[in-house]
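Novice: Would you mind keeping the following structure in view while I ask a few things?
The values are calculated or read from the model by the stated rules, or taken from the named source; none is laboratory data. Just so we're clear, the structure is a prediction, and the values are computed from it rather than from any experiment. We place every Cβ from the backbone using ideal geometry, glycine too, and count neighbours over all the protein chains shown.
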Amino acid sequence: MTRPTTTVRTAAALAALLSLALVSTTTQAFDLKGGGQVKLKPTIAQLGIISPANNACPGAAKLTAWIQTNKPGTLQILLVRKGGAVAGPYSVTTVKGANGVIMGSYSKPMNIVGPIDAEYRVVIPGTSVTSNWAPLMAQC
């Protein structure tokens, strides 16, 4: 092998490595998945709870979480009771809706059989996105 051929091959190998490094850096900078797709990210989480009528028990309550994302897809949420247990994960699928808002929801009926004075929130694992604390109250 002659010296010019070795130099050309070495330069080609370095160019290939450099292009791989650039692609890797660019993918991380734009948070892209393979194939040039943007990663699904939650942007907003909200939680609402409708307590039993007149805050009396036994009675029916309803918990609803709304999640907004940067693109349609499915993600997992956890329901956290302040100072207590964590429930889930529950799947939420977001879809593009009116005015370009991409949102999904999770609802859970609750049968309240004893007195309760608690607060809940939604947490999306692997992110810093959390909802507001929502109260659930009932007296027997």
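Novice: Looking at the stretch 41-50, is at least one residue modelled with pLDDT under 90, part of a loop (DSSP other than H, G, I, E, B), surrounded by 14 or more Cβ atoms within 10 Å (Cβ to Cβ) and out of contact with any Asp or Glu (no Cβ under 7 Å at 6 or more places or on another chain)?
Specialist: No, because not a single residue in the stretch 41-50 is modelled with pLDDT under 90, part of a loop (DSSP other than H, G, I, E, B), surrounded by 14 or more Cβ atoms within 10 Å (Cβ to Cβ) and out of contact with any Asp or Glu (no Cβ under 7 Å at 6 or more places or on another chain).
Novice: Would you please list the contacts, defined by Cβ atoms under 9 Å and residues six or more apart or on different chains, that run from a residue in the stretch 34-61 that is farther than 22 Å from residue 105 by Cβ and touching a residue at least 12 places away in the same chain (Cβ under 8 Å) to a residue that is part of a loop (DSSP other than H, G, I, E, B) and among the polar types (S, T, N, Q)?
Specialist: 38/70; 59/51
Novice: Working only within the stretch 106-122, note down all residues that are within 24 Å of residue 74 (Cα to Cα) and of a type in the set (Gly, Ala, Ser).
Specialist: Correct list: 107 only.
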